[in-house]
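Everything on this sheet refers to the single structure shown next.
The values are calculated or read from the model by the stated rules, or taken from the named source; none is laboratory data. Keep in mind that this is a model prediction, so the values were computed, not measured. In this analysis, Cβ positions are derived from the backbone assuming ideal geometry, glycine residues included, and neighbour counts consider all displayed protein chains.
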């Protein structure tokens, strides 16, 4: 389904494609307290992952994909 | 698909694989450092090995496996590819091809093959420069990753390895670590490095990092990839490399076993590592037992057919081999004692009785872990990796979505061809029927309807024939492929430096034409190598490049295929040819001197001609170019030779595209009908008796200012009656081409032309000269087709 931009966070759902990366990047940069919800995310493209790693938004909710949560945890640590 | 079909498929694929492997080996010799070629070669050999594993062809698998290991090392750059290696590999592949032949013939490999295969395998392993750790590897095939680095010196750890936890050294001594740094522009190529990385086979750990530090958010470009993936995988090295093959240059991969573990890790390898290994063995064993139980259930279900029983038996046998401990080998022996046609119940009983024990009871004698690789299917995610890129990589032919290829045995197509031939003949009976309806039964209306129906059937049959012909078309490249090897082997043996250039290998022709070409072409190329191309020093002295060139080119011209074989060698010395022909008593001396140089060169086509004074294994037996010419003419082709002394020789073969259907002209002599192939006929004329000049026994006439010798077909075939004239006292003359001249054949009547399926004479009739073959006519009669060349 891609990304739903909500009031406090962006919800990344199902499969987030490479096209969504730029929109997400711009949106996250505008936020004072950037946050994303990855709980319904099945797969995200490497470009989107890169955006998340660059901006390091707060992650709301659980991350179901162990590899993804590991990847995000590593860089935040 | 039952077992025989599977086996047929295996043979087919193995042959194809071997052919390609042979080709790649030769290609690599030209470009030994081309990683693309090496990868391709490795993949082919790997496939072949995997296929062997499906069946119990140990002797074959042993050789191929050794080859695979060697190539794996070459591919990783641990060994340099050299000629010895090429020789050993070619020899091994030759032997494998022999084994495939044997499998096709007998369905199995004779036990005697073991010795030779072990020998070849150890010859290959000897090239791994380290002493082979365990020569008969087939007994317990270890994984490739494990086999290769056995004696490899430990290489220092790259710094990036530190990103991984140091546990793997203890728990997964066989694992490989890799670092994948996608190029910055990769997103624009449709790649998803994250997906690729996380789908790595056997992934144990994945670390995501950056290649450089993140730039300021303000001027960052989210579409420039700055990710770096470091992973740990317990799949064999080759699988990991295969997984990343599209981005091979962005990948670094190292087997852990080749690395010196970082400080600390080395001291504690024992207990935990062993425990992990034990755990693995236990899992494997449990899986094997599960399969065992499934098989037993299958047997107990009742109503199992003999095929199922045989399959179960094979599966059980494989399982026992995989377990390979003492009890398993005992069970294997007792299984061998079961009768070949054992019933389902009996086998079920046996299986229940001999079920291998759980690990708990055999813990003190840990069984060998078998290769998790080849005999088992590839990991499932292998198939998921970006299919688009795969297709581009492997060529459109392999991509199921674009191009579906059906592999069919040749004999099936041959059968189709025979059937359509009969169809054509049967169809040709309809006009006779129409004629009979009209003349015999006075049913003109019916006759017309039959003719109308005939037209429809005729059209369909022609289309069908055309379609089948298309199926039978094969690119000439299939036989050109063999030349590379031939040229390589012979030129090395003779100490010559020869380059083979092949052009137009995509040109297509009928399968039979192509196949009957193989031998003549090999002969011609051998001649070029042996007599044509000179030794390098002679060439340099003559002002030519030291490397000789043989150029084989094929192209299509209207309904014929032209194949030219050029060499830039010494050419043919007409004087020497004349002299040799006289020496061998092939032509009288006075005649030899009157021949022009071009004509003299053609003497090499005479049977029994040879210029070589000694008989070598290459030439000198006097069965040379005449065999070539006979073979080519048998398929209605022709050979032309031109040679410039000192410059080179050119042979030009002209062949029909297809030889399934022959157009013949039907003639009559002494009340009998004969066919004459249309492509040999120059014209049909009626010649008045007054225009025939008699000179002793010979008769000639002048046609369009040229003297044409006349022969009566009746005399040539020893028919009783003389040729008959029509009421204007004219003879019917069929002018045919015989070699370079035209000859007139006196016949009684012309009957028009017909398309026929020419069947060559077989059995006792095969020795009959003067006839090209026979054909069945629509009215059921047999037409003898003349071969004027042999007749005159």
In segment B:526-547, anything touching a helix residue (DSSP H, G or I) at 6+ places or on another chain (Cβ under 6 Å) and buried (at least 17 other Cβ atoms within 10 Å of the Cβ) is listed as B:529
Margin query: residue A:67 - would you say it is under 17 Å from residue B:198 (Cα atoms) and either within 11 Å of chain B (Cβ to nearest Cβ) or touching a helix residue (DSSP H, G or I) at 6+ places or on another chain (Cβ under 7 Å) (or both)?
Written below: yes
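Of the residues in segment B:401-460, how many are more than 45 Å from the chain's Cα centre (by Cα) and touching a residue at least 40 places away in the same chain (Cβ under 8 Å)?
Taking segment B:401-460 as the starting set, the residues that turn out to be more than 45 Å from the chain's Cα centre (by Cα) are B:432-452.
Filter once more, keeping what is touching a residue at least 40 places away in the same chain (Cβ under 8 Å): B:432.
Result for segment B:401-460: 1.
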All conditions in (1) modelled with pLDDT of 80 or more; (2) over 18 Å from residue A:70 (Cα atoms) are true of residue B:197 except (2)
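Based on this model, can you work out whether residue B:50 counts as closer than 20 Å to residue B:127 by Cα and in a helix (DSSP H, G or I)? Spell out how you get there, then give the answer.
Values: closer than 20 Å to residue B:127 by Cα: no; in a helix (DSSP H, G or I): yes.
No, not satisfied.
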query: Would segment B:467-483 turn up any residue that is assigned to a helix (DSSP H, G or I), modelled with pLDDT of 85 or more and farther than 27 Å from residue B:509 by Cα?
result: no
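From the list B:517, B:500, exactly one residue is in a helix (DSSP H, G or I), surrounded by 15 or more Cβ atoms within 10 Å (Cβ to Cβ) and touching a residue at least 24 places away in the same chain (Cβ under 8 Å). Which is it? Steps first, please.
Working: B:500 fails: in a helix (DSSP H, G or I).
Of B:517, B:500, the one residue that is in a helix (DSSP H, G or I), surrounded by 15 or more Cβ atoms within 10 Å (Cβ to Cβ) and touching a residue at least 24 places away in the same chain (Cβ under 8 Å) is B:517.
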Condition met for residue B:240 (surrounded by 22 or more Cβ atoms within 10 Å (Cβ to Cβ), out of contact with any helix residue (DSSP H, G or I) (no Cβ under 7 Å at 6 or more places or on another chain) and either at pLDDT 80 or above or within 12 Å of another protein chain (Cβ to nearest Cβ) (or both)): yes
Of (1) surrounded by 18 or more Cβ atoms within 10 Å (Cβ to Cβ); (2) at pLDDT 80 or above; (3) part of a helix (DSSP H, G or I), residue B:291 satisfies every one except (1)
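If the requirement is being closer than 26 Å to residue B:56 by Cα, at pLDDT below 80, exposed (fewer than 15 other Cβ atoms within 10 Å of the Cβ) and out of contact with any helix residue (DSSP H, G or I) (no Cβ under 7 Å at 6 or more places or on another chain), which of these qualifies: B:286, B:267, B:278?
Values: B:267 fails: closer than 26 Å to residue B:56 by Cα; B:278 fails: closer than 26 Å to residue B:56 by Cα.
The match here is B:286.
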Exercise for review: Inspect segment A:25-39 for any residue being buried (at least 16 other Cβ atoms within 10 Å of the Cβ), at the interface with another protein chain (Cβ under 8 Å from one of its Cβ atoms) and over 25 Å from residue B:205 (Cβ atoms) and give the result as yes or no.
Suggested key: yes
Q. In this structure, is residue A:18 free of Cβ contacts under 8 Å to residues at least 40 places away in the same chain, surrounded by 18 or more Cβ atoms within 10 Å (Cβ to Cβ) and closer than 19 Å to residue B:206 by Cβ?
A. no
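Just a yes or no: is a residue in segment B:557-577 under 19 Å from the mean Cα position of the chain (by Cα) and either over 29 Å from residue B:678 (Cβ atoms) or not in a strand (DSSP E or B) (or both)?
Step one: of segment B:557-577, the residues under 19 Å from the mean Cα position of the chain (by Cα) are none.
No, every residue in segment B:557-577 fails to be under 19 Å from the mean Cα position of the chain (by Cα) and either over 29 Å from residue B:678 (Cβ atoms) or not in a strand (DSSP E or B) (or both).
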Of A:77, A:62, A:47, the only residue that is within 13 Å of another protein chain (Cβ to nearest Cβ) and at pLDDT below 85 is A:77
Flagged in segment B:204-223 as more than 8 Å from chain A (Cβ to nearest Cβ) and either closer than 11 Å to residue A:50 by Cα or under 51 Å from the mean Cα position of the chain (by Cα) (or both), in numbering order, are B:204, B:205, B:211, B:212, B:221
Next item on the list: Determine if segment B:391-409 includes at least one residue that is assigned to a loop (DSSP other than H, G, I, E, B), at pLDDT 80 or above and in contact with a helix residue (DSSP H, G or I) (Cβ under 7 Å, 6 or more places away or on another chain).
Entry: no
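So that you can scan it fast, the table gives a plain yes or no per residue for (1) surrounded by fewer than 18 Cβ atoms within 10 Å (Cβ to Cβ); (2) at pLDDT below 80:
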| position | (1), (2) |
| --- | --- |
| B:34 | yes, yes |
| B:37 | no, no |
| B:55 | no, yes |
| B:64 | no, no |
| B:68 | no, no |
| B:72 | no, no |
| B:90 | no, no |
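Among the candidates B:698, B:669, which residue alone is farther than 30 Å from residue B:574 by Cα and in contact with a helix residue (DSSP H, G or I) (Cβ under 7 Å, 6 or more places away or on another chain)? Even if it seems obvious, please write down each step before you answer.
Numbers: B:698 fails: in contact with a helix residue (DSSP H, G or I) (Cβ under 7 Å, 6 or more places away or on another chain).
Matching residue, one of B:698, B:669: B:669.
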Taking first residues from segment B:174-192 that are more than 9 Å from chain A (Cβ to nearest Cβ) and second residues anywhere that are in a loop (DSSP other than H, G, I, E, B), the pairs with Cβ under 6 Å that are 6 or more apart or on different chains are B:175/B:234; B:181/B:211; B:184/B:224; B:184/B:225
Can you confirm whether segment B:208-217 contains a residue that is at pLDDT below 80 and over 20 Å from residue A:71 (Cα atoms)? yes
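Do you know which of the residues in segment B:773-792 that are surrounded by 14 or more Cβ atoms within 10 Å (Cβ to Cβ) and more than 19 Å from residue B:744 (Cα to Cα) is nearest to the chain's Cα centre (by Cα)? If you could, list the steps in order and put the result at the bottom.
Within segment B:773-792, the first condition is being surrounded by 14 or more Cβ atoms within 10 Å (Cβ to Cβ), and the residues that meet it are B:773-778, B:783-789, B:791-792.
If we keep only those that are more than 19 Å from residue B:744 (Cα to Cα) too, we end up with B:773-778, B:783-784.
Values: B:773: 31, B:774: 32, B:775: 33, B:776: 35, B:777: 37, B:778: 39, B:783: 37, B:784: 37 Å.
If we take residues in segment B:773-792 being surrounded by 14 or more Cβ atoms within 10 Å (Cβ to Cβ) and more than 19 Å from residue B:744 (Cα to Cα), then B:773 is nearest to the chain's Cα centre (by Cα).
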